[in-house]
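Each remark here refers to the structure printed beneath this line.
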Amino acid sequence: MMDFSAKSLKGLVSDVGTVFTRAKQYAEETIGTAEKTELDAQFESLADRADRTKLWTERIVSKTEAVLQPNPNTRYGDMIFDKIGPLKGERTRNLEALGTDMIDAGVEYGPGTVYGSALIKVGKAQQSLGGTEREFVANSDRNFVQPLRKFLDEDMRTITKERKILETKRLDLDAAKNRLRKAKTLESQTNSKLKPEMIAKEIDQAEHELRLAQEDFDRQIEITRLLLEGISAAHSNHVRCLNDFVTAQIAFYARCNQHMCDLQRELQSPGSALSSIRGQVNDLTSPSDEIKPSLPLGKRYAKALYDYESKDSSELSLMANEVIIVSHSSNLDTDVMIGERGSQTGKVPLAYLEILN
């Protein structure tokens, strides 16, 4: 037991001495009184690229998480839930919550009423948007955020660890060089109090320690260099992740646009809640046949009953209550007319028009 304690104490003293020597070496390098082994330019360039990669990857991950979940408190809660694992439930998106309340309100007002029907339709669209958003967030997190975070947590952490070890090996190497330099200085001094054989032994010991330190340093710098060169492969993988993120965004916005276009067509279609309201307003505000303003002869005019968004370049968009020139074409169905507004011409559905003359 005593031997073990003595060995432990001796090892502790040795470790403290090593730490002190490294700290002393680092301090002397800082103030310029000790030489420092410089790393080659290529290695420094690789190290600088790794530092910049770590910095920008951290910022991109942070900003992406803020885009996927703007509420910082919710992001923190999601992080806690992630650690729980299987207990984590599907968090309701804000759009889904909005849609649920709209539907409940529509049922309360009555699905047969204009307002209640409109609320239910819009609420269902909000729920669809929320579900689409949920899929986009999950896809982006799985294919973009998580791979980049894994790179930071694993690859960059390993690189940082090995670079710290390399710095320790460099300090040990420079300390060994300094000891050998001091031993040789003693050898050259004629008034040294040490015997020549003791000085020679000191030099031999310093040279042996220098060789070991140099071997450790060379081995560590090669390990670190290989890890730093692996950043190129990480960049290639990040490009693939970035492409997945962009693809997810394209699909997300396309689906959102489709949901809203479908909702708009449903609300503005003849007989819908919105068209019924517009019809009532038009009945109140449209002048009677007797007091309609006179229109130029030779052309047929029509008033748009509802807003109409063209589906392609062959159609003409309409705004409710605007007056356009119309005409029939033998090439078109009877429920479609040719509309003309200034230099713009295109097909318009007859159901959206009130013929004025």
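The values are calculated or read from the model by the stated rules, or taken from the named source; none is laboratory data. Predicted model, so just to flag it, every value in this text is computed and none were measured. A quick note on method: Cβ atoms are made from the backbone with ideal geometry, for glycine too, and the neighbour counts reach across all protein chains shown.
The table below lists the values:
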read-out: Residue list for region 233-264, restricted to those being of a type in the set (Ser, Thr, Tyr) and surrounded by 12 or more Cβ atoms within 10 Å (Cβ to Cβ); value: Thr247, Tyr253
read-out: In region 59-76, the residues that are at pLDDT 85 or above and assigned to a helix (DSSP H, G or I); value: Arg59, Ile60, Val61, Ser62, Lys63, Thr64, Glu65, Ala66, Val67, Leu68
read-out: Qualifying residue in region 300-317 (condition: modelled with pLDDT of 80 or more, of a type in the set (S, T, N, Q) and surrounded by 13 or more Cβ atoms within 10 Å (Cβ to Cβ)); value: yes
read-out: Single unsatisfied condition, Asp101 versus (1) assigned to a helix (DSSP H, G or I); (2) modelled with pLDDT under 95; value: (2)
read-out: Residue in region 167-185 that is farthest from Arg211 (Cα to Cα), counting only those that are more than 42 Å from the chain's Cα centre (by Cα) and surrounded by fewer than 16 Cβ atoms within 10 Å (Cβ to Cβ); value: Thr185
read-out: Verdict on Asn237 being over 29 Å from Arg52 (Cα atoms) and in contact (Cβ under 8 Å) with a residue 60 or more places away in the chain; value: no
read-out: Residue match in region 318-341 (condition: touching an Asp or Glu at 6+ places or on another chain (Cβ under 8 Å), part of a loop (DSSP other than H, G, I, E, B) and in contact (Cβ under 8 Å) with a residue 12 or more places away in the chain); value: yes
read-out: Pairs with Cβ under 6 Å, 6+ apart, first in region 113-141 and free of Cβ contacts under 8 Å to residues at least 12 places away in the same chain, second not acidic (Asp, Glu); value: Gly116/Gly106; Gly116/Tyr109; Gly116/Gly110
read-out: Evaluation of Arg255 against (1) modelled with pLDDT under 55; (2) farther than 17 Å from Glu354 by Cα (one fails), failing number; value: (1)
read-out: Any hit, region 213-234, residues being among the hydroxyl-bearing types (Ser, Thr, Tyr) and free of Cβ contacts under 8 Å to residues at least 24 places away in the same chain; value: yes
